[in-house]
Amino acid sequence: MVYMSRPMRRVFHYIQGRQFPGDGTRLGEVFDPATGHTQAHVPLGGVAELNAAVHAALGAQPGWAAVSAQRRSQVLFRFKALIEQQLESLAKLLSSEHGKLLADARGDIQRGLDVIDFVCGAPQLLKGEFSAGVGPGIDVWSMRQPLGVVAGITPFNFPAMIPLWMLGPAIAAGNAFILKPSERTPSIAVELAALLCEAGAPAGILNVVQGDREMVDAILAQPAIKAVSFVGSSDVAHHVYATAAAAGKRVQAMGGAKNHGLVLPDANLDAAVGGIVGAAFGSAGERCMALPVVVAIGEHTAAALRQRLVAAIKQLRAGAPEDPLADYGPLVTAAHKQRIERYIALGVAEGAELLIDGRALSVAGRERGFFLGPTLFDRVRADMRSYQEEIFGPVLQIMRVESLAQGIQLASAHPYGNGVVLFTRSGEAARCLAEQVEVGMVGINVPIPVPVAYHGFGGWKRSAFGDLNQYGTDSIRFFTRTKIVTQRW
Ligand code: NAD
């Protein structure tokens with residue numbers, strides 16, 4: 001936290017259709033990760049700003065719920081078109097705060113728009129069920145009604161996609177939404193809220209409250225907020241899940257990850273290595289569906305993989321987001337970079353074999369940027385803390401097992417259960433993994449198995465608390481409640 005000493009770009013809250021400064025007593029720094037400089041200050045709000053947002057949301061929501069689902073989806077169509085018109089400037093803003101490459105920033109927005117596309121089908125998605133003649137002259141029908149005012153709390157790493165995952169279904173279903181974005185990447189949320197108003201949503205339907213843990217605790221304690229959708233690290237996810245549920249709110253809370261990529265001897269190794277390297281190091285490994293662990297099945301596979309991975313990783317280049325030759329950009333903050341460096345030191349201390357060490361990297365002209373070179377460990381063991389915990393950076397760990405069964409057991413025993421991938425040519429092996437593994441999202445020769453917008457996204461174990469996934473039809477269930485009418489005329 002800092003107190004402002006010189007003029008600098010200010011990020012605001014967005015409440016009742018306009019930017020709102022808040023009382024401004026607490027401010028957070030927003031960095032440009034590529035240069036290491038502070039580029040803006042963001043207000044770290046609390047109860048007062050949240051109450052203003054709740055007041056706006058409560059005022060707007062009944063009218064919005066009364067609008068037909070088709071009219072609401074027309075607003076979302078226009079919202080999508082406006083975002084597409086401004087894709088380039090939005091991607092630049094996003095990339096400047098996060099550090100991801102411009103192409104990745106465009107993808108971040110585009111994948112969020114896929115969910116808006118999906119919820120433009122609100123009239124179909126919100127349809128109820130009807131059973132005629134369940135008794136003499138008796139029919140039963142159901143309807144889905146919005147919850148009222150709902151909230152989303154999002155992480156730094158997908159500043160557009162994850163807010164759009166949540167606010168799209170919530171608003172399509174007739175709720176008013178309060179978004180608390182990450183204080184590290186706060187600006188794009190305000191732009192999205194302004195564009196939704198421009199598209200025709202009433203003021204107060206989408207409000208953005210900026211802040212850190214104090215704002216999160218205010219949201220969890222606010223009785224007018226009926227549901228909370230959270231994405232972030234697992235300890236915070238669990239805290240949000242337990243606190244919101246104890247307060248009687250509906251809650252879904254997605255947490256961290258440590259995804260395993262299993263490689264069988266029959267895999268197309270060149271294709272597997274290309275996929276693994278992209279999935280492990282793309283976006284500097286700051287993705288919950290990154291692939292930070294590769295599990296070689298058999299010593300022969302391990303030797304072949306190791307050789308190919310070393311060669312491929314040595315070609316990788318970390319650079320500025322606009323550098324067309326860069327494979328990935330800087331990490332989000334200096335603190336996050338130092339945290340990853342501590343995990344690398346821990347891996348060495350625990351006895352893993354450090355094959356490539358990215359810690360000495362310096363990017364010419366960007367010496368103060370938060371860059372970290374790609375790092376590769378071999379002979380990582382399941383009892384190592386550097387394996388058990390999420391690192392969330394450009395670090396890949398090679399492990400070795402003797403059979404597919406051991407690989408499935410390893411992935412299933414890990415505390416996180418977001419994603420798992422198998423590289424193989426065997427349909428039998430693929431089916432066995434898909435059926436047996438205790439992980440929520442499975443890839444077969446697909447290195448980042450993020451489901452499309454009309455399925456749903458969610459892990460198992462410490463990767464998700466609550467039972468309904470993000471987006472897909474689960475999201476419509478999450479943001480509505482069902483009423484069932486039994487009638488005789
Ligand atoms: P984070 O947990 O630090 O922050 C997430 C949100 O919680 C932010 O809005 C932040 O302000 C708030 N917050 C942070 N600490 C808090 C506390 N002590 N009490 C209350 N609120 C708090 O996560 P992050 O660093 O922004 O994002 C990275 C994490 O998110 C990784 O663990 C990653 O795996 C996870 N993630 C998960 C998914 C998924 O769908 N499972 C998707 C993306 C990211």
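The values are calculated or read from the model by the stated rules, or taken from the named source; none is laboratory data. Only a predicted model underlies this, so the values are computations on that prediction, with no experimental measurement involved. Cβ sites come from the backbone with ideal geometry, for glycine too, and all protein chains shown count toward neighbours. With ligands, DNA and RNA removed, areas are computed over all heavy atoms of the protein, side chains included. Shrake-Rupley method; radii C 1.70, N 1.55, O 1.52, S 1.80 Å.
Here is how the numbers come out for the structure above:
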read-out: Distance histogram for the chain (every C-alpha pair counted, 20 angstrom bins, percent rounded to whole numbers); value: 24, 53, 21, 2, 0
read-out: Solvent-accessible heavy-atom area per residue, rounded to whole Å², over the stretch 80-168 at 1.4 Å; value: 35 Å²
read-out: Relative contact order of the chain, pairs being alpha-carbon contacts under 8 Å that are 6 or more residues apart, as %; value: 18 percent
read-out: Label point at Gln388 placed 7 Å out along Cα→Cβ; residues across the stretch 300-339 whose backbone nitrogen lies under 20 Å; value: 339
read-out: Cα-based convex hull volume of the stretch 205-253 per residue, rounded to whole Å³; value: 78 Å³
read-out: Residue-level accessible surface for Cys432, protein heavy atoms, 1.4 Å, Å²; value: 40 Å²
read-out: From the C-alpha gyration tensor of the stretch 320-474, square roots of 5λ in Å; value: 30, 21, 15
read-out: Dipole magnitude (debye, nearest 20) for the stretch 340-391, charges at Cβ of Lys, Arg, Asp, Glu; value: 180 debye
read-out: Cα gyration tensor category, rounded, prolate or oblate, for the stretch 67-152 with a/c compared to 1.5; value: prolate
read-out: Additional length obtainable on full extension of the chain from Val452 to Ser412, 0.36 nm per residue less Cα span; value: 12.0 nm
read-out: Cα gyration tensor shape of the stretch 230-279, rounded if a/c is under 1.5, else prolate or oblate by comparing a/b with b/c; value: prolate
read-out: Dipole magnitude of the stretch 182-291 about its Cα centre (Cβ charges: Lys, Arg +1; Asp, Glu -1), debye to nearest 20; value: 360 debye
read-out: The stretch 300-374 - percent of accessible surface contributed by carbon and sulfur, probe 1.4 Å; value: 52 percent
read-out: For the stretch 275-362: accessible area per residue (Å², 1.4 Å); value: 39 Å²
read-out: Carbon/sulfur fraction of accessible area - the stretch 71-140, other protein chains in place, 1.4 Å, %; value: 53 percent
read-out: Global form of the stretch 158-214, assessed from the alpha-carbon gyration tensor, a/c cut-off 1.5; value: prolate
read-out: Computed [θ] at 222 nm, helices only, for the chain once each DSSP H run of length n ≥ 4 contributes -39500 (n - 2.57); value: -12500 deg cm²/dmol
read-out: Whole-number Å³ per residue for the convex hull built on Cα positions in the stretch 406-489; value: 141 Å³
read-out: Cα-Cα over 24 Å, subset of Lys127/Lys226; Lys226/Lys258; Lys80/Lys337; Lys100/Lys314; Lys180/Lys483; Lys80/Lys258; value: Lys226/Lys258; Lys80/Lys337; Lys180/Lys483; Lys80/Lys258
read-out: Ellipsoid equivalent to the stretch 196-308 - semi-axes via the Cα gyration tensor, in Å; value: 42, 18, 11
read-out: Share of Cα-Cα pairs in the stretch 53-203 lying beyond 21 Å, as whole percent; value: 46 percent
read-out: Projected label distance in nm at Lys127 and Ala224, using a 7 Å step from Cα toward the beta-carbon; value: 3.6 nm
read-out: Using alpha carbons only: equivalent-ellipsoid semi-axes of the stretch 255-324, gyration tensor based, whole Å; value: 23, 16, 8
